[in-house]
Amino acid sequence: MKKIVLTTVLLAGVLAQAGGFRVSLQGVKQLAMAHTSAHTEDASVTFFNPAGMSFIPAKLSVAAGGFGAQSSVTYQNLSTLESFDTNNPLGTPIYAAIAYKILDNVSVGFNFSTPFGSTVEWSSDWSGREIVQRLELKAFYFQPMVSFKLSPWASVGGSFIYAKGSVDWTKTATQLGGSLNIKDEKASGTGFGLGFYLKPTEKLDVSIAYRSPVDMKADAGVASFNVSPSLYPLVGLDANGQDKFKAVLPLVDEYTVGVTYKITPKWLVSGDFNYTGWSQYNKLTLDFENAAVGNQPNDPTVLVSPKNFHNTQTWRVGTQYQINDMFAARAGYYYDESPYADENFQAETPSFDSNVITAGLGINLMKGFGVDIAGGIALPKSREAKNSFTSFYGQAKAKAYYFGLGLSYNAF
């Protein structure tokens, strides 16, 4: 049988929440200030740095929130001038966190978040349908954690990460006269977080944190081929036109250094630097059980797709002004770097160098109970696609915006 090369991705996202498929939407208060991390007002700090729990001004703190993330991508073939747009649904990342001081110098907590994931959907007749028609990713992080206050101004903390995820990806398989769906709802992996939090003066906060990579392993994924049943034995499929596959996708690690300085009692400024280890995603391997749709000479059931991502930097700056006892105004800006060059453009993970502007408002409704709202708009730079492996060439443009609503309660 003629060897069939399938361009693949297991888990992917869409631009603009952050480079690659990272979603920087884990705190509404933080998003309003460019998603900066050195803030300990409530339990939302637990995602950014477990050591920050030691400085929350309450024995018990809870926080939760959700976002709407809307993005679209336009692709144009510069030779034919054909143009196609995505029809992505609204993404809805969420988070929840709790922190409790069991002793004056020991705090425990738990954080739930969705730091990776999104959905990209193209029309069924677009020119890149051999790469992707629709791809939906969900990744959930469950993080129990502990923090120890080493002194009145310093703490250390750590967390265990259990990740659960799913992928549902459909693409055209022209050489088979049909389509292929890759699906797995039981991918999982583990990792850890580690951080230090310093408050050397009442005016200065310093947050230093590391979150490890998590290898999401899909050991029993299902590949469903929507093709003529006469092809089942030729491809190596069962009577239902299906096969199993295995794959591993790295949810990459991240180093963060954040600083907040109170210029006046009412006005603070924050800055963050993120270094993200995207180079771990240099290829994706799909290992089918029987289907001979791979591209390896020694094993036609193994399909390897080069990704060639590189590590990225993100620079963030945000500010907050306490207008009065009830309202706080916030704003921010950050620059987000795409993790791949034009020669490695991935239509299933369209990513762009982006300038992002954020703003928001904090409202103290009663003692200890707050409501936060935030919004952001991404201004991605257009780029050329020159991927020879997928034969995908042209120009891509994008736009995206987000909004969020968060609640927090410092009980006592």
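Here are a few things to note about the model shown:
- Three principal axis lengths of the chain [C-alpha, angstrom, descending]: 72, 43, 32
- Build a GNM of the chain with springs between Cα atoms under 10 Å apart, and of 390, 36, 114 the one that fluctuates most is 390.
- Under Stokes-Einstein, with the Kirkwood radius over Cα pairs as Rh, the value for segment 207-278 at 25 °C and 0.890 mPa s is 147 µm²/s.
- Here r is the Cβ-Cβ distance between residue 160 and residue 230 and R0 is 41 Å; the resulting FRET efficiency, rounded to 0.05, is 0.25.
- Taking the Cα centre of segment 332-412 as origin and assigning +1 to Lys and Arg Cβ atoms and -1 to Asp and Glu Cβ atoms, the resulting dipole is close to 280 debye.
- Summary of packing: across the peptides 360-370, 43-53, 264-274, 140-150, the per-residue average of other C-beta atoms within 10 Å ranks them, highest first, as 43-53, 140-150, 264-274, 360-370.
- Calculated over segment 100-176: convex hull of Cα atoms, volume per residue (Å³): 116 Å³
- The convex hull drawn around the Cα atoms of segment 15-138, when projected onto a plane and averaged over every direction, covers 8.6 nm².
- Rounded to the nearest 20, the size of the Cβ-charge dipole of the chain about its Cα centre is 700 debye, with Lys and Arg at +1 and Asp and Glu at -1.
- Extension gain for residue 94 to residue 219 (0.36 nm times residue separation, less C-alpha to C-alpha distance): 42.3 nm.
- Residue pairs exceeding 27 angstrom between C-alpha atoms, taken from 244/307; 138/367; 149/186; 307/399; 29/386; 164/381: 138/367; 149/186; 29/386; 164/381.
- From largest to smallest, the equivalent ellipsoid semi-axes obtained for segment 299-381 from the alpha-carbon gyration tensor read 41, 15, 10 Å.
- A compact globular protein would have a Cα radius of gyration near 2.2 N^0.38 Å; the ratio found for segment 163-248 is 1.84.
- Over the residues of the chain, the helix contribution to mean residue ellipticity at 222 nm works out to -500 deg cm²/dmol, using -39500 (n - 2.57) for each DSSP H run of at least 4.
The numbers here are math on the coordinates, done by the rules we state, and not lab data. A quick note: this is a predicted structure, and the numbers were derived from the prediction, not measured. Neighbour counts are summed over all protein chains in view; Cβ atoms, including those assigned to glycine, are modelled from backbone coordinates with ideal geometry.
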